[in-house]
Amino acid sequence: MTDLPVRIRPEIAALPAYRQGRQASADAFKLSSNENPFDPLPGVVEAVRAATTFNRYPDASAARLRARLADRYAVAPDGVHVAAGSVSILYQLASATSGPGDEIMFAWRSFEAYPGLAAVAGATAVPVPLTADAGHDLDAMADAVTDRTRMIIVCSPNNPTGPVVSQAAFDAFVARVPGDVLIVLDEAYAEFVTDPDAVTGAAVLGAGHANVVVLRTFSKAYGLAGLRVGYAIGDHRILDAARSTGIPLSVTAQAEEAALASLDAEDELLERVRHIAKRRDALAEALRTAGWDVPVAQGNFVWLPVGERALEVAEAFDAAGLIVRAFAGDGVRISIGEEESTAGILAAAASVVR
Ligand SMILES: *Cc1c(COP(=O)(O)O)cnc(C)c1O
């Protein structure tokens, strides 16, 4: 690393620079970041517009939103932690639990942020390969626990492949992991799940495992990706540690107001989520009928496991005005977007098979 102007930690210099899903041109569909295709609801926009005292710092603990969420999950307000996106909380928990020599485990392929947060904490990433049907191999993960394991992330539904972890499998996993190892259940796509056997944060919290923290976000189902607000529910002593490692005052008043207004408008928002889930099921089924090996899709995206052809396949979609996300060597993830994008996806997919 001789081309760096200052001394950078080698493991940080080695990280790939963050590349966002490409911004779509006006006539293309942006299906690369699992965003909500619906415009924000008028009531939510109004709430953000009304939050004009931004010459003042926001409420550091987002107390109103925490109280609201605490009610919903029947926990004390200290058992809720709000941050600027649930990715922030992942970083906070990583630095709170793990340092050099410690291990942070996750399934792979999974969410792109996971390897980086281990590196930033100075810890060692332990990726455990997915099963053949693109789900978590929780037995292999439990087998991979060592006395240096500090944090294990379980992503259900798994981004980018789609399958959920079942409640039974999750419970069996928790029983096998030592009680002093943090297990994070990343439920970024929980609202899109239609499988009744899927693990739910609510059931996990109800079981009272002190070492499990549940992460949720307003970015996906609630359509607030641009405002940055997510939360964790769990033991207040773990969340206190996360609060200690977080950058203070990161959640803006606008984000907090938007989240509160979204909870007020939840019925309407969840109706949209049901549309997206139906659109997802129809698309996955049509792709399977066309011969694609699409795994179970329970998020707001479908996965094409095309392996080495990922970049080539993504380019074919690109050329058809569909911006999708390629994961080199593994596959292509297509977010469920506007209804009108479906026909184009099927046409582009058909052109690839040829
Ligand atoms: C999108 C996503 C998140 C949440 O992102 P934020 O916008 O930071 O709340 C967390 N985990 C996974 C797996 C995601 O895909």
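Suppose we take every Cα in region 41-145 and form the convex hull; what volume per residue is that in Å³?
Enclosed volume per residue, from the Cα hull, is 176 Å³.
Computed extension gain for residue 315 through residue 168, at 0.36 nm per residue and net of the alpha carbon distance, reaches 49.0 nm. Between 62, 168, 210, the GNM of the chain built on Cα springs shorter than 10 angstrom shows 168 fluctuating the most. The distance linking region 5-55 with region 214-290 is 14 Å (Cα centroid to Cα centroid, whole angstrom).
Modelled this way, with points 7 Å down the Cα-to-C-beta line, the labels at residue 78 and residue 263 are 2.0 nm from one another. Secondary structure note: in region 42-264, about 30% of the DSSP beta bridges are antiparallel.
Grouping the Cα pair distances of the chain into 10 Å bins from zero gives a pair-distance distribution of 5, 24, 33, 26, 11, 1 percent in increasing distance order. Placing unit charges on the Cβ atoms of the charged side chains and taking the dipole of the chain about its Cα centre, the candidate lying farthest along the positive direction among 136, 125, 300 is 125. Look at the dipole of region 42-264 built from charges on Cβ: of 179, 87, 110, the Cα furthest out on the positive end belongs to 87. Fraction of C-alpha pairs exceeding 20 angstrom in region 264-354: 33 percent, rounded to a whole number.
Mean-square fluctuations from a GNM of the chain, with a 10 angstrom spring cutoff on Cα atoms, peak among 54, 170, 301 at 54.
FRET efficiency for the residue 339 to residue 195 pair, using the beta carbon distance and R₀ = 22 Å, is estimated at 0.45. Dipole of the chain computed with +1 at Lys/Arg Cβ and -1 at Asp/Glu Cβ about the Cα centre; of 170, 196, 63, farthest Cα towards the positive end is 63.
Value of Rg to Rh for region 171-264, rounded to two decimals, is 0.99; Kirkwood radius and Rg both from alpha-carbon coordinates. Only Lys, Arg, Asp and Glu carry charge here, each on its Cβ (+1 for the first two, -1 for the last two); on that basis the chain has a dipole of about 680 debye about its Cα centre.
For region 34-107, the list of trypsin sites (Lys or Arg not before Pro) that fall in a loop by DSSP and count at most 15 other C-beta atoms within 10 angstrom reads 56. Computed about the Cα centre, the dipole magnitude for region 295-335 is approximately 160 debye when only Lys and Arg (+1) and Asp and Glu (-1) carry charge, each at its Cβ. For the chain, the 222 nm mean residue ellipticity estimated from helices alone, with every DSSP H stretch of n ≥ 4 adding -39500 (n - 2.57) and the total spread over all residues, rounds to -11500 deg cm²/dmol.
Read the figures in this text as sums done on the coordinates, not as results from a lab. The model shown is predicted, which means the values in this text are computed figures rather than measured ones. For neighbour counting, all protein chains shown are included, and Cβ atoms are generated from backbone atoms with ideal geometry for every residue, glycine included.
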